[in-house]
Amino acid sequence: MEALFNIGAYEIQEYQQNRYPMFFLDVIEEARPGEYARGRKSFTYNEWYFPVHFADEPNVPGMIQIELLAQTFIMTFLTIPEHKGKKTAFLGMNNMRMRKKIVPGDTIVVEATLKSFKRGVATGYVEGRVGGEFALSADIKIGLPDMMREFIPKK
């Protein structure tokens, strides 16, 4: 399959079901279906969570950073035509490392690599960088529930 470039926020929503206020990607700069995706998010003080996290020292909550990793990762397999627009389920994350505080004005670039996709379960590695500096990473597992159901043993 051919690589896709510069998929904007509106078009990303054709591939995945995340919506405001839990949709975080600005753009997918590159997606190689079944292999790789690189996404970007620029944070401004206007984000809904900054005034409460924290008023005196605003920074991006960890759960939003994790969700941004997941939203980039699912583009490694939702860009495969037969999976476009399907519902996903977060199955797990291991070896999570967070090393940089992300604050208003920062732009994070997330790179995701699909290592395996079997029986509706995708596993891979995701890493985020701010200004070229390592910010966070994790091994991730996400499933396609409709596809996973096909492999449940029948009684």
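The values are calculated or read from the model by the stated rules, or taken from the named source; none is laboratory data. The structure displayed is predicted, hence computed values, not measured ones. A quick note on method: Cβ atoms are made from the backbone with ideal geometry, for glycine too, and the neighbour counts reach across all protein chains shown. Surface areas here come from the heavy atoms of the whole protein model, side chains and all, with no ligands, DNA or RNA. Shrake-Rupley method; radii C 1.70, N 1.55, O 1.52, S 1.80 Å.
The simple spin-label model puts a point 7 Å past each Cα toward its Cβ; for residue 48 and residue 1 those points are separated by 3.0 nm.
Suppose only helical runs count, i.e. DSSP H with n ≥ 4. What mean residue ellipticity at 222 nm does that imply for the chain under -39500 (n - 2.57) per run, divided by all residues and rounded to the nearest 500 deg cm²/dmol?
Only helices count here, giving -4000 deg cm²/dmol.
Of the trypsin sites (Lys or Arg not before Pro) in the stretch 1-102, the ones in a loop by DSSP (not H, G, I, E or B) with at most 14 other beta carbons within 10 Å are 19, 84, 87, 99, 101. Axis of helix 62-73 versus longest Cα principal axis of the chain: the two differ by about 40°, to the nearest ten degrees. Derived scalar couplings between HN and Hα for the stretch 109-121 equal 10, 10, 10, 10, 10, 7, 8, 8, 9, 9, 6, x, 10 Hz in order, rounded to whole Hz, by the Karplus curve 6.51 cos²θ - 1.76 cosθ + 1.60 (θ = phi - 60°), x for Gly and Pro. For the chain, carbon and sulfur atoms together expose 52% of the accessible surface, with a 1.4 angstrom probe and every protein chain in place.
Based on Cβ point charges of +1 for Lys and Arg and -1 for Asp and Glu, what charge dipole magnitude is obtained for the stretch 45-150 about its Cα centre, in debye rounded to the nearest 20?
480
Output needed for the stretch 17-60: three equivalent-ellipsoid semi-axes, defined as square roots of 5 times the C-alpha gyration tensor eigenvalues, in descending order, whole Å. All intermediate terms of the calculation are to be shown ahead of the outcome.
Numbers: eigenvalues 151, 26, 12 Å².
Sorted largest first and rounded, they come to 27, 11, 8 Å.
Applying a threshold of 25 Å to the alpha-carbon distances of 41/101; 84/118; 115/154; 86/155; 84/154 flags 115/154; 86/155; 84/154 as lying beyond it.
Projecting the Cα atoms of 88, 45, 60 onto the charge dipole of the chain (Cβ charges, centred on the Cα centre) puts 88 farthest toward the positive pole. The eigenvalues of the Cα gyration tensor, multiplied by 5 and square-rooted, give the stretch 26-121 an equivalent ellipsoid with semi-axes of 28, 14, 12 Å from largest to smallest.
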